[in-house]
Amino acid sequence: MNELKLYPIKCPQCGAPEVVRRGTRITPCERCGARLCLTEVHTPRYEVTSNLSAAQAAAMARAWMERQGKAGIIGRPELVFMPFHEICGRRVGVFERRVPERHRVYKERYDPSAGGTVVEPTYEYTQKEDTKVMVADVEHMTPAARAPWDLAMFDARAARRIAALRSFDLVEAQRRATVYAEERSPDATAQERFAKKDTEIVAASGRTLFFPFWSIPVQAEAGSYEIVVDGVSGNVIAWRMPETFRIPGLAWAALAVPGALALGQALHATLLGEAVIDPVVLFVVGVVGTVTALFRSNRPDWRIRSWPEAGAIPRFERGEG
Amino acid sequence: MRAEPSGPRVVVLRCKACRTELPAASHDVAFRCPQCGRAWEIETGGLIERPSYFVAPPRAVRQPILYLPYWSFTIEAEVKAAFLADGDELGARDKAARITRAWVAAYSIHRPTYVGEWGIAYTRIGPKWEVRSGHGPRAPGATISGVDGQAIVGHYVLGEIDRKADVGDLDLDLEVGDPELWAIPCYDFGDKIRCPWTRAELAASCLDDLSEIRRALERHGA
């Protein structure tokens, strides 16, 4: 899908052969100058231009590390282009809905102090069945490929508003960056996102936008990790790095001592019958203490932690409410 | 890099009647011939002709005029037996009978239902325009196809009737006619455009192709 496809066409006016690039819709004939229009067009592809150089991205990452109190050697930033599908159109349809309604009613109540009935206003809540005619705008931006990092903190729509677009040239882009391939077509994205029983999308237009990211490797004592900087705004949108545990493995190993003592005491009480503490309790405490100590002390004192963490940012899923 | 064995169908953008080159921006699907005023829409089979009209500008023009494309449709809406209160039923019938023509903007607007789509306003008020056909003003092409316009405009009419009575309770017979390409003038203030009849305004930034439209019109004017 990521190949640069060229289409041979023939000018219907003068018969001159032409070659057009994927996504082209209107092109002039080089021989007779007639304007030619292709009736079947693939999704146009654009590159979101980045004004952030590699040095600026590295400086952003360095400043971020200083703020976080991290130390490491910053490597050479790598430019990565990630495809997003931008789908615009209008959703039209007629669907049923229930509208909550509040009615004011007056009820009679016997009031002993007044010696008779009084009328008091109150409210009744009902649901009215209604038909809603919908004509709404659709503007959807979604990643078209699986990124090695979580893109939850990347606001593609905001980046789209502040950046300029230019026609995407795959060959030229691959010379200076790693380009991720689209894993599905914009039509498939639109179908998955907007296929609903009561509504349909009309006047839809889809585009593939390639957003730039700077992937910056950082070498630290515990290992190498990565900081990802948004190529449009310069914000750090994701990182993967080692994190040291507060309690070192040696401290957990010390837990094995009371665990072993508890196990020995349980064995002693079982064999000789001189139990001060219930042997079952001692056995359970001993097993838990020893197993925990062996498990926790045999791991490294750090782990790779990534941000944004999975599930840390609530996401709206279709079908939920 | 490889060439596909079978290419897409290619259409020469020339008016079939007078052979004038049609002004087409990158996303246009229908055009008004600047010479003879005929309208052509691109379909898979090639160019097909659509009825073409333009609206005469207001008599006292004080600002530069910019013509914008709209799809227009004849509407036949009839409310039959209904199970509503009399007032609602009469209101819906009255509303349905009043709408005889509907419009939808055929140029690209960013979030049209949010910033205001003038086609809805024209459908609602049904302006008394002086409509002409034939050679007339230069107008940019339409970015929405006639079929899409038909689907949208049907819902505009349903929405208008729904304002009077719930369309779910109505036995409604709605027929939307074939698309006609209209060119309707507006005042061009540079940073915004204004409708001469409703005085509604749209920021230039809401119109995706406005700069391309202006460039194309200036090129033709020169």
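The values are calculated or read from the model by the stated rules, or taken from the named source; none is laboratory data. In this text the structure is predicted, and so the values were computed from the model without any measurement. Backbone-built Cβ (ideal geometry, glycine too); neighbour counts: all protein chains shown.
Please work out which residue is farthest from the chain's Cα centre (by Cα), limiting yourself to region B:131-164 and to residues that are under 30 Å from B:ARG93 (Cβ atoms) and among the charged types (D, E, K, R). Even if it seems obvious, please write down each step before you answer.
Our first condition is that a residue be under 30 Å from B:ARG93 (Cβ atoms); within region B:131-164, this holds for B:131, B:146-164.
Filter again for among the charged types (D, E, K, R), leaving B:148, B:160, B:162-164.
Working: B:ASP148: 11, B:GLU160: 17, B:ASP162: 22, B:ARG163: 22, B:LYS164: 25 Å.
Filtering first and then ranking leaves B:LYS164.
On the given criteria, is A:LYS70 of a type outside the set (Asp, Glu), under 25 Å from B:LEU170 (Cα atoms) and at pLDDT below 85? Before the answer, list the steps.
Numbers: of a type outside the set (Asp, Glu): yes; under 25 Å from B:LEU170 (Cα atoms): no; at pLDDT below 85: yes.
Spelling it out, it is not the case that A:LYS70 is of a type outside the set (Asp, Glu), under 25 Å from B:LEU170 (Cα atoms) and at pLDDT below 85.
Of all residues in region B:126-166, those being part of a helix (DSSP H, G or I), among the small types (Gly, Ala, Ser) and under 17 Å from A:GLU96 (Cα atoms) number 1. From the list B:GLY141, B:GLY136, the lone residue that is within 21 Å of B:TYR67 (Cβ to Cβ) and buried (at least 21 other Cβ atoms within 10 Å of the Cβ) is B:GLY141. For region A:163-185, state whether one or more residues are within 23 Å of B:THR113 (Cα to Cα) and away from every other protein chain (no Cβ under 14 Å). No, there is no match, as no residue in region A:163-185 is within 23 Å of B:THR113 (Cα to Cα) and away from every other protein chain (no Cβ under 14 Å). If the condition is being touching an Asp or Glu at 6+ places or on another chain (Cβ under 8 Å) and more than 13 Å from A:ASN51 (Cβ to Cβ), then region A:155-168 contributes A:ARG157, A:ARG160, A:LEU165, A:SER167, A:PHE168. Within region B:153-187, the residues that satisfy the criterion of being under 17 Å from B:VAL131 (Cβ atoms) and either without any contact (Cβ under 8 Å) to a residue 12 or more places away in the chain or buried (at least 19 other Cβ atoms within 10 Å of the Cβ) (or both) are B:PRO179, B:GLU180, B:LEU181, B:TRP182, B:ALA183, B:ILE184, B:PRO185, B:CYS186.
Just checking, which of A:GLU96, A:GLU124, A:GLU120, A:GLU101 is assigned to a strand (DSSP E or B), modelled with pLDDT of 85 or more, touching a Ser or Thr at 6+ places or on another chain (Cβ under 7 Å) and surrounded by fewer than 16 Cβ atoms within 10 Å (Cβ to Cβ)? Before the answer, list the steps.
On the way: A:GLU96 fails: modelled with pLDDT of 85 or more; A:GLU124 fails: touching a Ser or Thr at 6+ places or on another chain (Cβ under 7 Å); A:GLU120 fails: touching a Ser or Thr at 6+ places or on another chain (Cβ under 7 Å).
Answer to the check: A:GLU101.
Residues that are touching a residue at least 12 places away in the same chain (Cβ under 8 Å) and either among the hydrophobic types (A, V, I, L, M, F, W, C) or more than 7 Å from every other protein chain (Cβ to nearest Cβ) (or both) within region A:5-21 comprise A:LEU6, A:ILE9, A:CYS11, A:CYS14, A:ALA16, A:GLU18, A:VAL19, A:VAL20, A:ARG21, listed in sequence order. For B:ILE125, the test of being more than 13 Å from chain A (Cβ to nearest Cβ) and in contact with a strand residue (DSSP E or B) (Cβ under 7 Å, 6 or more places away or on another chain) is failed.
Taking the stated definitions as given, is B:TYR67 of a type in the set (Ser, Thr, Tyr), more than 13 Å from chain A (Cβ to nearest Cβ) and touching a strand residue (DSSP E or B) at 6+ places or on another chain (Cβ under 9 Å)? Spell out how you get there, then give the answer.
Details: of a type in the set (Ser, Thr, Tyr): yes; more than 13 Å from chain A (Cβ to nearest Cβ): yes; touching a strand residue (DSSP E or B) at 6+ places or on another chain (Cβ under 9 Å): yes.
It is true that B:TYR67 is of a type in the set (Ser, Thr, Tyr), more than 13 Å from chain A (Cβ to nearest Cβ) and touching a strand residue (DSSP E or B) at 6+ places or on another chain (Cβ under 9 Å).
Considering region A:210-232, and only residues there that are modelled with pLDDT under 85 and in a loop (DSSP other than H, G, I, E, B), the residue that is nearest to the chain's Cα centre (by Cα) turns out to be A:ALA222. Of everything listed in (1) within 14 Å of chain A (Cβ to nearest Cβ); (2) outside any strand (DSSP E or B), the single unmet condition for B:LEU174 is (2). Scanning region A:130-162 for residues that are under 16 Å from the mean Cα position of the chain (by Cα), surrounded by fewer than 16 Cβ atoms within 10 Å (Cβ to Cβ) and within 14 Å of another protein chain (Cβ to nearest Cβ) yields a single hit, A:ARG157. Taking residues in region A:147-159 that are part of a loop (DSSP other than H, G, I, E, B), and partners anywhere that are surrounded by fewer than 16 Cβ atoms within 10 Å (Cβ to Cβ) and among the acidic types (Asp, Glu), the pairs with Cβ atoms closer than 9 Å and at least 6 places apart or on different chains are A:ASP150/A:GLU309.
Against the list (1) at pLDDT 85 or above; (2) farther than 30 Å from A:MET82 by Cβ; (3) of a type in the set (Val, Ile, Thr), the condition A:THR131 fails is (1).
So, in region B:7-21, exactly how many residues are part of a loop (DSSP other than H, G, I, E, B) and either facing chain A (nearest Cβ under 7 Å) or at pLDDT below 55 (or both)? So that I can check it myself, show each step before the final result.
At the first step, the residues of region B:7-21 found to be part of a loop (DSSP other than H, G, I, E, B) are B:7-9, B:13, B:15-20.
Now narrow it down to the ones that are either facing chain A (nearest Cβ under 7 Å) or at pLDDT below 55 (or both): B:7-9, B:13.
Residues flagged as part of a loop (DSSP other than H, G, I, E, B) and either facing chain A (nearest Cβ under 7 Å) or at pLDDT below 55 (or both) within region B:7-21 amount to 4.
Suppose the filter is within 14 Å of chain B (Cβ to nearest Cβ), part of a strand (DSSP E or B) and modelled with pLDDT of 80 or more; does A:ARG207 pass it? Yes: the conditions hold for A:ARG207.
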